[in-house]
Amino acid sequence: MIPENNCSLCALCEFRTKIVMPDGNFDSNVVLVGEAPGENEDLTGRPFVGRSGKLLEKIMNAEGIKRSDVLITNTVKCRPPGNRDPTKEEMNACRPFLHYELSGKKVIVGLGRSACRDLIGYEGKMADIVNKEMTITVDGKEMVFIPAYHPAACIYSNESKAELRRTMNILKNKYLG
Ligand code: URA
């Protein structure tokens with residue numbers, strides 16, 4: 001299930017240039033879920049191509065993972081104005097598309113607070129759950145969920161960067177082979 005080109009299920013449609021659809025390997029067992037498109041993503045229609053995307057790719061590559069090894073998507077497909085967090089209503093409106101993207105996957109990486117809020121209803125500190133693997137049920141199917149730092153949080157924090165690299169190490173060694 002994918003959004004119509006003229007999707008207006010939530011108010012983000014008023015601000016977007018392009019709907020940002022998933023990118024990477026649709027057949028992968030692993031999906032990385034970010035928060036929402038930023039400016040570069042809104043202009044290009046591709047997730048994680050701006051500053052945090054470049055850092056994400058660098059950290060993935062350092063652990064031997066390519067963009068084409070995983071599916072990369074976001075909780076919402078349109079850019080919130082000023083890059084604010086997507087609201088619960090906006091995430092609810094986009095959830096059917098996200099769940100469609102998650103179907104058949106074995107491992108979901110929730111990049112940052114919004115993804116963890118959307119997928120496991122977590123409202124606490126990321127530091128308390130990062131890299132603690134758990135099992136969640138999505139549309140009746142059990143999947144591994146790994147909470148991870150959002151790459152934007154790693155730009156100025158070497159500690160967070162090291163934890164995100166650990167996330168990628170877990171993926172590479174345990175789930176991507
Ligand atoms: N941040 C996100 O969460 N997603 C993107 O696609 C880009 C930046």
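The values are calculated or read from the model by the stated rules, or taken from the named source; none is laboratory data. Quick caveat: nothing in here was measured; it's all calculated off a predicted structure. We place every Cβ from the backbone using ideal geometry, glycine too, and count neighbours over all the protein chains shown. Surface accessibility is based on the protein's heavy atoms, side chains included, excluding ligands, DNA and RNA. Shrake-Rupley method; radii C 1.70, N 1.55, O 1.52, S 1.80 Å.
Against the numbered list (1) of a type in the set (D, E, K, R); (2) free of Cβ contacts under 8 Å to residues at least 60 places away in the same chain; (3) within 18 Å of residue 26 (Cα to Cα), residue 85 comes up short only at (3). Only one entry in 16, 46, 51, 79 is open to solvent by 70 Å² or more (accessible area, probe 1.4 Å), farther than 21 Å from residue 169 by Cα, charged (D, E, K, R) and touching a residue at least 60 places away in the same chain (Cβ under 8 Å), namely 51. Of all the criteria given as (1) within 18 Å of residue 155 (Cα to Cα); (2) open to solvent by 50 Å² or more (accessible area, probe 1.4 Å); (3) away from the ligand (no atom under 13 Å from the Cβ), the one not satisfied by residue 60 is (2).
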